[in-house]
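Take a look at the structure below.
The values are calculated or read from the model by the stated rules, or taken from the named source; none is laboratory data. Just so it is clear, the model here is predicted, and its values are computed rather than measured. Heads up, the Cβs are rebuilt from the backbone with ideal geometry, glycines too, and the neighbour counts pull from every protein chain shown.
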Amino acid sequence: MSKFLDERYSSLAAYVPGEQPQDKKYIKLNTNESPYPPSPETFAAVNVNETENLRLYPDPDGRVLTKKLADCYGVESENIFLANGSDDILNFAFMAYGANGRKSYFADITYGFYSVFANLHGSDYTVIPLEDDFTIDADKFCGVDGCVFIANPNAPTGLALSLAEIERIISTNPENVVVIDEAYVDFGAESAVSLVKKYDNLLVVQTFSKSRSMAGARLGFAIGNKEIIGDLHKLRYSTNPYNINRITLAAGAACIDSQNYYDDNCKKIINTRAYTTNELEKLGFSVLPSKANFVFAQSDRIDGGELYLKLKEKGVLVRHFTSGRIKNFNRITIGTPEQMAVFIEKTKEILEDK
Ligand SMILES: *Cc1c(COP(=O)(O)O)cnc(C)c1O
């Protein structure tokens, strides 16, 4: 840190992304990427023409992709906001609704970026503890006096709230924005998109990074009332109007045109999740019932940190969190059936060697 840094940022703890090691080829089950490549249509969209067009700025409103998303989700273009990954949107949402001493609420165990953005923007934030079984008690988020951030399904637990519970949180906070982060919704949870027409305080955030195999392209979108979407555009135009590059816009549009391909991938991942859960349970693990493309598991037979390290030695990367209540858990991304068979095999070996 230099002596020049604004003191507001001197104690800021930045987000720590999952490791992306370069030392050897791992079976990567640590950052919830898709194990499947983008669709053939997506490959075709990233072509010579689009590369030639890189000399031109992209459409700052991403109109082609915005229209496709609006049609896909049954809303109008004015209800859609595009950004450079959904992290970009969460940043804007904290900036718009929870900054400079305004209040915000999120769970104690949830996506790690919420507290980072809250600190970055000087939010007066409150963390609401999950229950002992790691579920969210929706009532604790009802009628609070600040904006609410909920990942549904939650990360890293994979547990989801029902649409009725989500609606209760939205309807009891009419004076505050409720952000539902649906990064993993395509793997089996109920989306709140259908509530956008009914509530003017709802912002649903989704991403192309998980179910649509485009983590490397950086593309997220939000769906909400047009005034809220307008707020986000105002902040975006005050930061970087060209926040999504041409290649990503083209790839994103092709993605929506090949939605069946991605729906099939989600089905495969849901099946592989059932297989993985079952195999882990046979080995004595307890596995939270996941609606995401990962499972969160622990065993009394081995310490979570030890399992993580031994798997890494054997070429399998999973995500281990060191904080309090979840330090015995690992979060394991669902890969292909072949990758998960290797993961289970290595886990078995590690347990047998103990
Ligand atoms: C992965 C993830 C995101 C961020 O996704 P990007 O679109 O890649 O920025 C947001 N929220 C949750 C809960 C996530 O797990």
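Some points to look at:
- Screening Asn79 on (1) more than 15 Å from the chain's Cα centre (by Cα); (2) over 28 Å from Asn201 (Cα atoms) shows it passes everything except condition (2).
- Residues of the range 256-288 satisfying the condition of being more than 18 Å from the chain's Cα centre (by Cα) and over 30 Å from Ile350 (Cβ atoms): Ile256, Asp257, Ser258, Gln259, Asn260, Tyr261, Asp264, Lys267
- Any hit, the range 101-117, residues being part of a helix (DSSP H, G or I) and away from the ligand (no atom under 16 Å from the Cβ): no
- Considering Gly252, Gly216, the condition of being part of a helix (DSSP H, G or I), within 16 Å of the ligand (Cβ to nearest atom) and surrounded by fewer than 19 Cβ atoms within 10 Å (Cβ to Cβ) is satisfied by Gly216 alone.
- The sole residue among Asn79, Asn91, Asn154 that is within 16 Å of the ligand (Cβ to nearest atom), touching a residue at least 40 places away in the same chain (Cβ under 8 Å) and either among the β-branched types (Val, Ile, Thr) or under 30 Å from Cys255 (Cα atoms) (or both) is Asn154.
- Every pair of residues 6+ apart whose Cβ atoms lie under 8 Å, when the first sits in the range 7-34 and is farther than 24 Å from Asn265 by Cα while the second is within 16 Å of the ligand (Cβ to nearest atom) and of a type in the set (Phe, Trp, Tyr): Tyr15/Phe113
- When the range 111-166 is filtered for residues that are under 25 Å from Lys210 (Cβ atoms), of a type in the set (Gly, Ala, Ser) and over 15 Å from the mean Cα position of the chain (by Cα), the ones remaining, listed by number, are Ala118, Ala138, Ser162, Ala164.
- Yes/no for Ala14 being of a type in the set (A, V, I, L, M, F, W, C) and at pLDDT below 95: yes
- Residue match in the range 19-42 (condition: at pLDDT 90 or above, hydrophobic (A, V, I, L, M, F, W, C), more than 16 Å from the ligand (Cβ to nearest atom) and assigned to a loop (DSSP other than H, G, I, E, B)): no
- Here Ser211 fits the description: among the hydroxyl-bearing types (Ser, Thr, Tyr), under 23 Å from Ile269 (Cβ atoms) and out of contact with any strand residue (DSSP E or B) (no Cβ under 9 Å at 6 or more places or on another chain).
Here is a yes/no grid of residues against (1) touching a helix residue (DSSP H, G or I) at 6+ places or on another chain (Cβ under 8 Å); (2) over 21 Å from Asn79 (Cβ atoms):
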{"position": "Leu120", "(1), (2)": "yes, yes"}
{"position": "Glu131", "(1), (2)": "no, yes"}
{"position": "Asn152", "(1), (2)": "yes, no"}
{"position": "Leu161", "(1), (2)": "yes, yes"}
{"position": "Ala164", "(1), (2)": "no, yes"}
{"position": "Gly188", "(1), (2)": "yes, yes"}
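- Residue within the range 231-244 that is crowded, with 20+ Cβ neighbours inside 10 Å, away from the ligand (no atom under 16 Å from the Cβ), of a type in the set (Ser, Thr, Tyr) and at pLDDT 95 or above present: no
- For Lys197: the one exception among (1) within 16 Å of the ligand (Cβ to nearest atom); (2) surrounded by fewer than 23 Cβ atoms within 10 Å (Cβ to Cβ): (1)
- Scoring Gly122 on the criteria (1) in contact with a Lys or Arg (Cβ under 8 Å, 6 or more places away or on another chain); (2) surrounded by 15 or more Cβ atoms within 10 Å (Cβ to Cβ); (3) more than 15 Å from Tyr184 (Cβ to Cβ) leaves a single failure, condition (2).
- Of the residues making up the range 282-332, those that are surrounded by 23 or more Cβ atoms within 10 Å (Cβ to Cβ), of a type in the set (Val, Ile, Thr) and closer than 12 Å to Gly158 by Cβ are Val295, Ile332.
- When the range 43-65 is filtered for residues that are surrounded by 11 or more Cβ atoms within 10 Å (Cβ to Cβ), of a type in the set (Val, Ile, Thr) and assigned to a helix (DSSP H, G or I), the ones remaining, listed by number, are Thr51, Val64.
- Hey, Val318 part of a strand (DSSP E or B), under 20 Å from Asp133 (Cα atoms) and in contact with a Leu (Cβ under 9 Å, 6 or more places away or on another chain) or not: no
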